[in-house]
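Take a look at the structure below.
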Amino acid sequence: MKKSMIFCIALIFTLIFPTTIFAHTGLKDSSPSSNEVVTTELKEITLNFKTTIGELSSFDILDASKQKVDSLKVTVQDKSMVGTLPEALPNGEYTVNWKILGEDGHVVKKSYSFTVKMPEEMKQEVTTKPEETKQEVQQPEQVTSDTGANQQEDAASATEPVKDETKVTNESSSSNMLLPVGIGVVVILLLIVVYLVSRKNRRK
């Protein structure tokens, strides 16, 4: 009789004690929560637990085709785990498989699901953001090229007056050279005329 009583008490403790442990080391809340439909851009998943968890705790995200999201980076701090993503999750159903190491050394594994369902307008904004960033980066190059073109135009316009001044100088110098020559020719002609007239007068 005593042996059967001891066996029953041991069996009760065996069934109740692990349940009590798991109840204290379970998931308190999460973002997104279980079965939640997310309609905004999602780059961070947070899991909060009832007790402090070990550094070896972690979680994975699987898409609808059971493929693991490899870009997930998980950090553990006190009672929480935070997973960050470089890009927002696309629309679809996802499963979070989490595994924690409690303070008592017990490992607890569970999972829950959520759905990402962003409106089409928000999806277009998310996809166009990188393109807008590229265009903003390229704009300074265009400004630089425009500045270079303007500098070349200014240099060309600055040299044009110099060329015109050179032409004017050359024309004035050539006209100054022709003036004495013209005067010399006129003087020579006058001398020839005077000589011929005086010769005729002598003959008479």
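Any read-out appearing in this document is the output of simple, stated calculations on the displayed coordinates, not a laboratory observation. Because the structure is a prediction, the values reported are computed rather than measured. Reconstructed Cβ throughout: ideal geometry from the backbone, glycine too, with neighbour counts over all protein chains shown.
Charge tally for Thr25 (other residues, Cβ to Cβ under 9 Å; Lys, Arg +1; Asp, Glu -1): -1. A cut-off of 5 Å between modelled amide H atoms, ignoring neighbours fewer than 5 places along the same chain, links Ser57 with Leu101.
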